Amino acid sequence: MMEQIVGYIIGTSTTQQATMLAKQAVRLGRYVTLEYDDQKVLGLITSVTRGSPLINDSLDDVEILDDIIFVQKVPRFIRAEIKLLYDLTSNSLPEVPPPPGTQVRFSQESELQSLFSEGEIEIGKLIGTNVAVRIKVNSLARHLAILAATGSGKSNTVAVLTERISEIGGSVLIFDYHGEYYNSDIKNLNPIEPKLNPRYLSPREFATLLEIPRNATIQYRILRKAFTEYLKDLENSFNSGQVDLSKLNETFVADIESRIEKYLGDSKKNKDSAEEVENKLEEFFERYSNIIDLTAPDITSRIRSHSVNVVDISHLDEDSMDAIVSHYLRRVLDSRKSYKRTGNGLRFPVILVIEEAHVFISKTENTLTKAWAGKIAREGRKFGVSMVIVSQRPKGLDDTILSQMTNKIILKIVEPNDKKYVLESSDNLSEDLVSQLSSLDVGEAIVIGNLVRIPSFVKIDKFEGKLGGSDPDMIGEWRKEEEESKVRSSVADFG
Ligand SMILES: Nc1ncnc2c1ncn2[C@@H]1O[C@H](COP(=O)(O)OP(=O)(O)OP(=O)(O)O)[C@@H](O)[C@H]1O
């Protein structure tokens with residue numbers, strides 16, 4: 001059944017863009033098909049305008065308008081800009097622009113299916129159609145950014161995407177800023193308590209957590225020697241079975257300080273540096289006492305394949321969050337490198353999901369996480385470590401790292417600077433697509449990158465389970481407290 005004609009191409013076209021004079025109202029984000037010069041070209045409606053040569057904006061007398069409308073049939077037009085995306089005949093980009101007068105029709109679902117059905121997991125339907133959009137999961141090796149204004153559907157998208165990746169055997173590690181995945185009923189959930197075990201810290205990482213500046217070479221040397229010796233002695237004690245695990249955490253600072261004393265030497269300068277290191281060591285332990293645990297297994301032994309591994313960091317302060325995220329990123333990358341090199345380490349690829357990414361991969365702050373996120377953005381692909389950064393403040397993200405997120409799922413964004421920033425950080429996103437972002441409904445997204453063959457307007461499937469972290473029902477909680485206080489006071493009277 002041939003679809004009806006919705007309009008004709010007018011004016012000058014290029015191989016990327018054409019203008020249609022429409023016979024009926026058409027919606028943004030709809031796919032259309034143009035057949036000309038033995039090509040069958042798929043296009044996307046990216047803007048629609050309506051007007052009339054007679055009722056134009058120079059009119060300023062409504063009575064004249066009354067007469068015009070009453071007396072005659074008023075010429076009106078609907079124009080639509082079409083972004084030409086794909087030549088279905090040659091399976092490539094269109095090579096020839098459509099001539100004026102070319103008929104335009106809505107694309108048939110069978111034409112669209114051929115383009116969107118090749119991926120391993122379905123994430124939703126093309127907006128306005130029943131065409132399932134499937135994404136190529138291997139393309140996530142080039143990372144993904146999920147960007148949207150608050151309340152537009154980021155968490156729902158993360159839940160749908162990660163659950164379906166786990167169902168095909170994949171391994172995801174979500175840093176759960178709001179505790180919404182940790183308390184959800186996502187399938188294959190593997191909840192992980194955030195713990196920092198200094199045994200798995202490198203001396204440089206430990207020095208960074210102690211805030212020993214890179215140029216404080218004497219402090220760093222003293223710490224490195226004491227820490228390295230402590231770890232060596234600890235390993236020997238573990239191997240000989242002489243470790244009292246219950247005492248490890250409480251003697252950690254003293255054990256290291258006793259080794260610092262050994263490297264004091266007699267120079268005053270060393271003594272001052274050593275004291276500075278000891279102060280920083282005690283401050284470190286106070287600041288991170290709720291996450292330090294020398295008995296905790298390494299994160300790489302807690303991540304499972306076939307799982308949505310979720311680290312609940314919602315109860316931590318942002319410093320501790322940053323320490324956990326940066327450490328876990330480093331351990332996963334190092335372990336995958338080790339596995340690739342020696343066969344020892346994390347045996348399977350991992351997709352790391354960083355929620356509220358603008359906090360950790362900030363454009364302005366030099367966080368601990370930013371350095372490791374940058375390394376993974378640059379080299380993670382070779383080792384099967386990819387990143388999904390999720391943010392409702394795109395302009396707060398580091399632009400270099402954002403530009404390395406080849407794939408993007410962009411839900412509704414209204415803020416003009418956010419839109420501009422996203423456009424500038426994506427070489428596969430055009431102005432006409434970005435201009436649509438304000439008009440997207442909740443759960444509707446533009447998907448671009450290697451995940452899909454062509455830019456796609458997708459209604460993401462609704463996550464069927466329960467997500468935690470939703471907005472509190474304040475009225476309900478107040479009512480409940482009122483009821484309970486009545487019960488308490490009546491029990492007190494009775495007593
Ligand atoms: N694809 C969708 N289909 C239907 N409803 C959706 C979809 N995505 C999100 N919603 C609904 O919209 C609301 C907000 O969704 P969600 O929490 O995912 O947005 P968000 O961008 O993560 O918000 P926040 O920034 O507050 O975390 C929820 O009630 C959710 O059920």
- Per Stokes-Einstein, at 25 °C and 0.890 mPa s, what whole-number D in µm² s⁻¹ belongs to the stretch 198-288, with the Kirkwood radius over Cα pairs as the hydrodynamic radius? 182
- Message: Just to confirm the number: angle between the C-alpha axis of helix 318-342 and the first principal axis of the chain, 0 to 90 degrees, nearest 10?
- Response: 90
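Between beta-carbons, use under 11 Å as the cut-off and find the net charge around residue 134, counting Lys and Arg +1, Asp and Glu -1. Intermediate values should be presented prior to the final figure.
Details: positive: 125, 136, 164, 453; negative: 118, 120, 122.
With Lys, Arg at +1 and Asp, Glu at -1, the net is +1.
For the chain, build the convex hull from the C-alpha positions and give me its volume per residue in Å³.
On the way: hull volume 131.6 nm³, N = 495.
It is 266 Å³ per residue.
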- Estimated dipole of the chain in Debye, rounded to 20 [Cβ of Lys and Arg +1, of Asp and Glu -1, Cα centre]: 1960
- Give me the distance between the Cα centres of the stretch 339-411 and the stretch 299-333, rounded to whole Å. 13
- Can you list which of the GluC sites (Glu not before Pro) found in the stretch 6-109 are DSSP loop residues with at most 13 other C-beta atoms within 10 Å? 95
- Reach of residue 269 by Cα under 15 Å, taken over aspartates and glutamates that are not fewer than 8 positions away in the same chain: 261, 278
- Message: Cross-link candidates for residue 40: which aspartates and glutamates have Cα within less than 17 Å, leaving aside residues fewer than 8 places away along the same chain?
- Response: 3, 87, 95, 109, 111
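By per-residue mean of other Cβ atoms within 10 Å, what is the highest-first order of 439-446, 39-46? Kindly include the intermediate steps, with their values, before the conclusion.
Details: 439-446: 19.5, 39-46: 22.5.
For the peptides 439-446, 39-46, the packing ranking is 39-46, 439-446.
About its Cα centre, what dipole magnitude does the stretch 198-288 give when the only charges are +1 on Lys and Arg Cβ and -1 on Asp and Glu Cβ, stated in debye to the nearest 20?
Numbers: 15 positive and 18 negative charges, 96 e Å.
For this selection, approximately 460 debye.
Go through 195/462; 136/462; 420/466; 154/370; 125/466; 395/462 and tell me which ones have a Cα-Cα distance over 23 Å in this structure. Please list the in-between numbers first.
Details: 195/462 32 Å; 136/462 20 Å; 420/466 34 Å; 154/370 21 Å; 125/466 21 Å; 395/462 27 Å.
Correct reply: 195/462; 420/466; 395/462.
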- Message: Placing +1 on the Cβ of each Lys and Arg and -1 on the Cβ of each Asp and Glu in the stretch 5-107, which of 52, 31, 17 has its Cα farthest towards the positive end of the resulting dipole?
- Response: 31
- Query: What lysines sit close enough to residue 271 to cross-link, taking a C-alpha to C-alpha distance under 20 Å and skipping anything fewer than 8 places away on the same chain?
  - Reply: 225, 262, 280
- Task: Percent of Cα-Cα pairs per 5 Å bin, from 0 to the last occupied bin, for the stretch 1-160, please list those.
- Result: 2, 8, 14, 16, 15, 13, 11, 10, 5, 4, 2, 1, 0
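FYI, it's all coordinate maths here, none of it is from the lab. Note that this is a predicted model, so its numbers are computed, not measured. Note that we place each Cβ from the backbone using ideal geometry, even for glycine, and neighbour counts take in every protein chain shown.
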